[in-house]
Amino acid sequence: MSRFVKKGEVEDEQFDWGVIGWRCVPSTGAKQLVVMDVKLEPGEGHDFHRHPGQEEVIIVKRGRITQYLERDSTELGPEDSVFIEADVVHASFNEGDELADLQVIIAPSLGEGSGYGLVDVSGEEPWASLRSASGAAGA
């Protein structure tokens, strides 16, 4: 079902690493896309994980993040983005002192619940010690 989505209609959900605003998910009628507004507070991050069978695009709207793709990382600022192939381990950390606002698109939707699948690998090596090995502040 096609529809307009006004900012006030976006349902926010708090996680230990930040907030997701659910814009486009199966419950809103989306069959192929999951679209989220993500907020990462300073010092917070979405630790190392992967999405089985799903691609992802992250667009930085405000602030700065350190973005990991497997073992490589770079800083992304406003209007920068990253494309993440299915099953690639990645993580996003706000190591700055201002809120980071991101737009996240994941596809294809899994068609139930939030529409995306996630496998947390942050407790596995090399991911568990990657940031400390590169000199980054705590995970």
Over the chain, the sum of -39500 (n - 2.57) across DSSP H runs of at least four, divided by residue number and rounded to 500 deg cm²/dmol, gives at 222 nm -1500 deg cm²/dmol
Restricting to aspartates and glutamates and to Cα separations under 13 Å from LYS6, and discarding same-chain partners fewer than 8 apart, the set is ASP37
Given Cβ charges of +1 for Lys and Arg and -1 for Asp and Glu, the option among SER132, ILE106, ALA86 whose Cα lies farthest towards the positive end of the dipole of the chain is ILE106
Among VAL57, GLN67, LEU40, the residue whose Cα sits farthest towards the positive end of the charge dipole of region 9-120, when +1 is placed on the Cβ of each Lys and Arg and -1 on the Cβ of each Asp and Glu, is VAL57
With +1 on the Cβ of every Lys and Arg and -1 on the Cβ of every Asp and Glu, the dipole magnitude of region 54-134 about its Cα centre, in debye rounded to the nearest 20, is 160 debye
GluC sites (Glu not before Pro) in region 1-94 lying in a DSSP loop, each with at most 10 other Cβ atoms within 10 Å of its Cβ, come to GLU79
With +1 on the Cβ of every Lys and Arg and -1 on the Cβ of every Asp and Glu, the dipole magnitude of the chain about its Cα centre, in debye rounded to the nearest 20, is 520 debye
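Each reported figure results from applying straightforward, stated rules to the coordinates on display, with no laboratory input. On a predicted model such as this, the values are computed, not experimentally measured, just so you know. Note that each Cβ is placed from the backbone with ideal geometry, even for glycine, and that neighbours are counted across all protein chains shown.
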